[in-house]
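See structure below.
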Amino acid sequence: MVALPDRPLMSAEEYLAWEPTQEERYEYWDGEVVAMSGGTRNHNRITFNFSKLLDDALVDRPCEMYMADVKAQVERGRKYFYPDVVVTCDDRDNDPQLVQFPSLIIEVLSPSTEAVDRGTKFAKYRQFSTLQEYVLVQVEQPGVEVFRRNEKGQWVLSEYNLGDSLTLESVGVEIAIADLYRQVKFESNDVE
């Protein structure tokens, strides 16, 4: 993600009108427009695999899955992010550009964005009262971390490896971790 050096600060209303007219995607951070960086083949493949598995599993359920091009309204008028995958099961989500009531957010980690996904974005995503799970998927080696909100409202971490299955409690879907990494080629030969 890179802030646009030649763009002045803009209001959220200006951003929401301007951004859909652009060929590239831009997030919005307190008036600053931030260009989304390009991804790798592995990032794209993992995002696609996760999206397809979720979309297939949710076909007869009242939940909607979106990938890459639908923004999450994190703070009205202040922050709008593009999760790699977002699922909403809330009838109030009817804006054509935004998800405002997500139950599940998935970020496929890139070396350039991992710190932001783990830190700033997760801190902001936790403000969603409807969010039940936040999933981080490794790109350079197999591994998935799931943060779940427990009954006390605390976030609990569970980790999964290549041979494991993951149950996404927020949407009642079980996914084999190996299926997320289908057709993904890792640089290292020491991957299990």
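The values are calculated or read from the model by the stated rules, or taken from the named source; none is laboratory data. This is a predicted model, so every value here is computed, not measured. Neighbour counts run over all protein chains shown; Cβ positions are idealised from the backbone, glycine included. Note: accessible area is taken over every heavy atom of the protein model, side chains too, but ligands, DNA and RNA are not part of it. Shrake-Rupley method; radii C 1.70, N 1.55, O 1.52, S 1.80 Å.
In degrees, nearest 10, range 0 to 90: what is the angle between the Cα axis of helix 41-57 and the longest Cα principal axis of the chain?
Roughly 80 degrees, rounded to the nearest 10.
At a 1.4 Å probe radius, carbon and sulfur cover how many percent of the accessible area of the chain?
On the way: 4630 of 10260 Å².
The C+S portion of the solvent-accessible surface of the chain is 45 percent.
With every protein chain in place, what's the accessible area of LEU16 (1.4 Å probe, Å², nearest 10)?
So the heavy atoms of LEU16 present about 40 Å² to solvent.
Tell me, what is the percent relative contact order of the chain, built from C-alpha pairs under 8 Å that lie six or more residues apart?
16
What number, rounded to the nearest 500 deg cm²/dmol, is the helix-based mean residue ellipticity at 222 nm of the chain, given -39500 (n - 2.57) per DSSP H run of at least four residues and division by all its residues?
Values: 4 runs with 32 residues, N = 192.
When only DSSP H runs of four or more count, the value is -4500 deg cm²/dmol.
Using modelled amide H (1.01 Å from N, peptide plane; none on Pro or chain starts), what sits under 5 Å from the amide H of VAL99, excluding residues fewer than 5 places away?
The list, which skips near neighbours in sequence, is LYS71, ALA72, GLN73.
GLU75: net charge of surrounding residues, Cβ under 10 Å, Lys/Arg +1, Asp/Glu -1, itself excluded?
In short, +3.
Just to confirm a number: summing +1 for Lys and Arg and -1 for Asp and Glu over residues other than ARG41 whose beta-carbon lies under 14 angstrom from that of ARG41, what do you get? Write down the numbers at each step before the final one.
Working: positive: ARG45, ARG182, LYS185; negative: GLU140, GLU187.
Result for the local shell: +1.
So, how do all the Cα-to-Cα distances of region 130-176 break down into 5 Å bins, in percent, from 0 on up?
With a bin width of 5 Å, the distribution comes to 5, 21, 31, 24, 12, 6, 1.
Could you tell me which of rounded, prolate or oblate describes region 57-148, using a ≥ b ≥ c as the square roots of the eigenvalues of the alpha-carbon gyration tensor, with rounded for a/c under 1.5 and, failing that, prolate when a/b is larger than b/c and oblate otherwise?
Numbers: a/c = 1.82, a/b = 1.31, b/c = 1.39.
Verdict is oblate for region 57-148.
Just to be sure I understand the curve: with the Debye formula and one point per C-alpha of region 1-154, what is log10 I(q)/I(0) at q = 0.14 Å⁻¹?
With one equal scatterer per Cα and no solvent, log10 I(q)/I(0) is -0.69.
Fully extended, how many nm does the chain gain between GLU23 and GLU169 (0.36 nm per residue separation, minus their Cα-Cα distance)?
49.0 nm
Within 14 Å, Cβ to Cβ, of LEU53, how many net charges do the neighbouring residues add up to if Lys/Arg are +1 and Asp/Glu are -1? List each step's numbers first, then the result.
Values: positive: ARG45, LYS52, ARG61, ARG182; negative: ASP55, ASP56, ASP84, GLU174, ASP179.
Net charge around LEU53: -1.
By DSSP, what percent of the beta bridges with both residues in region 55-111 are antiparallel, rounded to the nearest 5?
Counting only bridges with both partners in region 55-111, antiparallel ones make up about 85 percent.
Under 1.5 on a/c is rounded, so check that first for region 112-192, then, if it is not, pick prolate when a/b is larger than b/c and oblate when it is not; a ≥ b ≥ c are the square roots of the alpha carbon gyration tensor eigenvalues.
Here region 112-192 falls in the oblate category.
Any idea how many Lys pairs in the chain come in under 17 angstrom at the alpha carbon, given 8 or more places apart or on separate chains?
Taking the Cα cut-off of 17 Å, the pair count is 5.
Among TYR134, TYR160, what's the order by accessible area (1.4 angstrom probe), most exposed first?
TYR160, TYR134
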